Structures are given as C-alpha cells and as structure tokens.
Amino acid sequence: MSNLKKWKILKSKMVLDRYWCKVRQDEIELPNGKIIDDYFVSIKPDVAMVLPITSSREIIFVRQYRHAVGEFFIELPAGSFDPTKESPEIAAMREFTEETGYIAQELKKIGILYDKPSKDTNQIHLFLAKNVIKVKEQQLDITEEIEIILIPIESVLEKIIQGEISVSGTVAALFLGLKFINY
C-alpha cells in the first residue's frame, strides 16, 4: 500500500474566465505541510480524438497551424466538447466529420489519456474509427484551416521518429491505437 497523499485545497478562485481560456488559482497544502498560494490550473474542456483507418490501411491525419508555437503540425482529428452536453462518442464523430468530411462506419473507444494532468483538467477520449469513407466537404470552425493527409500505417512510426508527427497526444494515441489495428 502506498503512503502517497493528495494535496489539500485550502482556497480556490477563478482568476481568468474567458471563452478560450479559464484559469483557477488554488492555495494548496502539500502532504509535508508546506503551503503554496499560487498554484494555477488551466480548466480545459474534454477532447474527443479519432484514429481513423481507411480500407487502404492509411491513417487520416489533419495538418494545421498551432498559434501558441507558431508552427504547423500533423495530428489526429480531434476537438473539444462539453461532456455535460454530448457524449464522447458523439463528439468524436462530429469533430471527425467536421474536420475531414469523412464518417466512420465503426467507432470503438480505446482509451482515455491525460495530456498534462499537473496543470490541466481535461481528458482525451480516444476512438478507433474503421471503414471510414468520405461523404462531404469539411465544415471548419473560424479558427481552423485544415489540410487532410493520408499516411500508410507502416510509415507512421518512421514519421514519429523523424519528428514529422510530434504532438504528444497524437503520438500517445497512435502507440495505444496501433495495438488495436490488425497488421
């Protein structure tokens, strides 16, 4: 049995409450008795992420600009959602179709990941989508400009090693998801 103990929240207040960013400031007491009065937590919505496989054994990726670091990244289709308003499965299908124009004839939940649990509150709900087919054009949000990229399953590991695929959530999802793909 572990002797690890949770931190105790003494006070908590929302210090930034905007549409794009919510931050909470906690005063905490550590198990050793020390007090930290400015521990900041980013309140983020959950994310539904899809690992889509075509009948040609290609994975559908999206390539898009990420403003915080000012670069373009290859990622799995994903989007945020409010779990009090829709299920992770519905959010996954909605985001996947909006970003790519594809639908999945088979969708299976394969895991829940945490991107940065030291500072962020959200979960990443990961789904494997099989038998995907293109049904319409993309329906992008105002902040999205997305290029669709299809990469053969056999090439994905090399693209991770070369740094072409480098977003942590996508990399973790690929390693977890590849277990569920029949080679």
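Net charge around residue 76, counting only other residues with Cβ within less than 12 Å of its Cβ (Lys, Arg = +1; Asp, Glu = -1)? Charge balance near residue 76 sits at -2. For residue 122, the residues whose modelled amide H falls within less than 5 Å of its own, excluding neighbours fewer than 5 places apart on the same chain, are 44. Among the protein heavy atoms, those of residue 56 account for about 80 Å² of accessible surface (1.4 Å probe, every chain in place). What the phi angles of the range 60-74 give under the Karplus curve with 6.51, -1.76 and 1.60, with θ = phi - 60°, is a coupling list of 8, 10, 10, 10, 8, 6, 10, 4, 4, 10, x, 9, 9, 9, 9 Hz, glycine and proline written as x. Within straight-line reach of residue 159, meaning a Cα separation under 22 Å, sit the following lysines at least 8 residues removed in sequence or on another chain: 130, 179.
Annotation: residue 57 carries an accessible surface of approximately 80 Å², with a 1.4 Å probe and no ligand, DNA or RNA atoms counted.
Compare the Cα positions of 49, 25, 2 along the charge dipole of the range 1-60 (+1 at Cβ of Lys, Arg; -1 at Cβ of Asp, Glu; about the Cα centre) and return the one farthest towards the positive end. Of the listed residues, the answer is 2. Heavy-atom accessible area per residue, the chain, 1.4 Å probe: how many Å²? Using a 1.4 Å probe on heavy atoms only, each residue of the chain averages 62 Å². What are the ³J(HN,Hα) couplings of the range 163-180, residue after residue, when phi is run through the Karplus curve with 6.51, -1.76, 1.60 and θ = phi - 60°? Round to Hz, x for glycine and proline. Going residue by residue, I get x, 6, 10, 9, 7, 4, x, 5, 4, 4, 5, 5, 5, 5, x, 4, 5, 8 Hz, with x marking Gly and Pro. In the complete set of protein chains, residue-level accessible area for residue 147 is approximately 90 Å², probe 1.4 angstrom.
Hey, any idea what % of the chain's accessible area is carbon plus sulfur with a 1.4 Å probe? Accessible surface attributable to carbon and sulfur in the chain totals 54 percent.
Computed from the Cβ-Cβ distance with R0 of 22 Å, the FRET efficiency linking residue 6 to residue 37 stands at 0.75. Computed over all pairs of different Cα atoms, the Kirkwood value for the hydrodynamic radius of the range 107-183 is 14.7 Å. The angle separating the long axis of helix 88-100 from the principal Cα axis of greatest extent in the chain is about 50 degrees. Rg/Rh, computed from the Cα trace of the range 88-137 with Rh as the Kirkwood radius, has the value 1.07.
The values are calculated or read from the model by the stated rules, or taken from the named source; none is laboratory data. Please read these numbers as outputs of a predicted model, since none were measured by experiment. Here Cβ is always computed from backbone atoms with ideal geometry, including for glycine, and neighbour counts include all displayed protein chains. SASA here: full protein model, heavy atoms, side chains in, ligands and nucleic acids out. Shrake-Rupley method; radii C 1.70, N 1.55, O 1.52, S 1.80 Å.
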